[in-house]
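The values are calculated or read from the model by the stated rules, or taken from the named source; none is laboratory data. Because the structure is a prediction, the values reported are computed rather than measured. Cβ: placed from backbone, ideal geometry, glycine included. Neighbour counts: every protein chain shown. Side chains are part of the model used for accessible areas, which takes the heavy atoms of the whole protein and leaves out ligands, DNA and RNA. Shrake-Rupley method; radii C 1.70, N 1.55, O 1.52, S 1.80 Å.
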Amino acid sequence: AQSVTQLGSHVSVSEGALVLLRCNYSSSVPPYLFWYVQYPNQGLQLLLKYTSAATLVKGINGFEAEFKKSETSFHLTKPSAHMSDAAEYFCAVSAPFAGGTSYGKLTFGQGTILTVHP
Amino acid sequence: EAGVTQSPTHLIKTRGQQATLRCSPISGHTSVYWYQQALGLGLQFLLWYDEGEERNRGNFPPRFSGRQFPNYSSELNVNALELEDSALYLCASSSLGATDTQYFGPGTRLTVL
């Protein structure tokens, strides 16, 4: 079984400030982990993914995330927020080698809405 | 390269009717996934099709069904619509099944009155 918990449904930062969006996962097998972003009235865009290679993953738009197995975490960070980063962010886990009911599907967290103030 | 496309963009139905949603995957992708994004319920996995076969199904009633065509496009059918079926339905595709990244389309907004 898999699950994802995103701490904080809303995060507000000032333009230029550090962005930190928290994600903790649970998986019975080695997971793949993803961060997606959703702008209003649009689909999901992939920011970055972890697939058991380097634990620090760099994505698009200056975002990065670090896989910490001991903490079962995959937090998303960006050193300096831009107004254009305002959106909803989703952490997701998959278990591509699990089989059973988890096979092939993404399990998403509840999402974090990021607001960026000028 | 064109991304995942979905049609229609918006769909309005009344309770009890049937809805058909369509998805065209990225060229070369053979897997199609369907997700429901309902207010307050988050993103829930519905169905996964690969090479024309249903590979996995989420915890949804049988009135949610679909199929994948030989050209890898897919349809999601929802029968006997209920008010709580109102949601954004997202389609995603991948090229290597369960081990590959899923790329999402813009979604179909279904409203049930």
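Among the residues of segment B:76-102, which ones are within 14 Å of chain A (Cβ to nearest Cβ) and in a strand (DSSP E or B)?
Answer for segment B:76-102, where residues must be within 14 Å of chain A (Cβ to nearest Cβ) and in a strand (DSSP E or B): B:87, B:88, B:89, B:90, B:91, B:92, B:93, B:94.
If we keep just the residues of segment A:62-113 that are among the aromatic types (Phe, Trp, Tyr) and within 8 Å of chain B (Cβ to nearest Cβ), which is nearest to the chain's Cα centre (by Cα)? If you could, list the steps in order and put the result at the bottom.
Of segment A:62-113, the ones among the aromatic types (Phe, Trp, Tyr) are A:63, A:67, A:74, A:89-90, A:97, A:103, A:108.
Still in the list and also within 8 Å of chain B (Cβ to nearest Cβ): A:90, A:97, A:103, A:108.
Numbers: A:90: 5, A:97: 21, A:103: 20, A:108: 9 Å.
Ranking the qualifying residues of segment A:62-113, first place goes to A:90.
Quick one: residue A:8 ticks every box in (1) on the phi > 0 side of the Ramachandran plot; (2) in contact with a strand residue (DSSP E or B) (Cβ under 6 Å, 6 or more places away or on another chain); (3) within 13 Å of another protein chain (Cβ to nearest Cβ) bar one, so which box is it?
Going through the list (1) on the phi > 0 side of the Ramachandran plot; (2) in contact with a strand residue (DSSP E or B) (Cβ under 6 Å, 6 or more places away or on another chain); (3) within 13 Å of another protein chain (Cβ to nearest Cβ), residue A:8 breaks only (3).
Would you check which residues across segment A:39-61 are closer than 24 Å to residue B:42 by Cβ, open to solvent by 40 Å² or more (accessible area, probe 1.4 Å) and within 14 Å of chain B (Cβ to nearest Cβ) and list them?
Correct list: A:39, A:40, A:41, A:42, A:45, A:49, A:51, A:60.
So which strands (runs of 3 or more DSSP E) stay within segment B:2-58 end to end and still have 1 or more residues that are within 9 Å of chain A (Cβ to nearest Cβ)?
Per the criteria, B:5-7, B:31-38, B:42-50, B:53-57.
Conditions first: (1) crowded, with 16+ Cβ neighbours inside 10 Å; (2) away from every other protein chain (no Cβ under 13 Å). Residue B:109 passes all but one, so which condition is the exception?
All conditions pass for residue B:109, except number (2).
Please identify the pairs in which a residue from segment B:72-88 that is at positive phi has its Cβ atom under 8 Å from the Cβ atom of a residue that is surrounded by fewer than 16 Cβ atoms within 10 Å (Cβ to Cβ) and of a type in the set (S, T, N, Q), counting only partners at least 6 apart or on another chain.
What qualifies is B:80/B:18.
Residue B:51 - would you say it is open to solvent by 60 Å² or more (accessible area, probe 1.4 Å), in contact with a strand residue (DSSP E or B) (Cβ under 9 Å, 6 or more places away or on another chain) and in contact (Cβ under 8 Å) with a residue 12 or more places away in the chain?
Yes, satisfied.
Within segment B:9-30, can you find the residues that are surrounded by 13 or more Cβ atoms within 10 Å (Cβ to Cβ) and touching a Lys or Arg at 6+ places or on another chain (Cβ under 8 Å)?
Passing the criteria: B:11, B:19.
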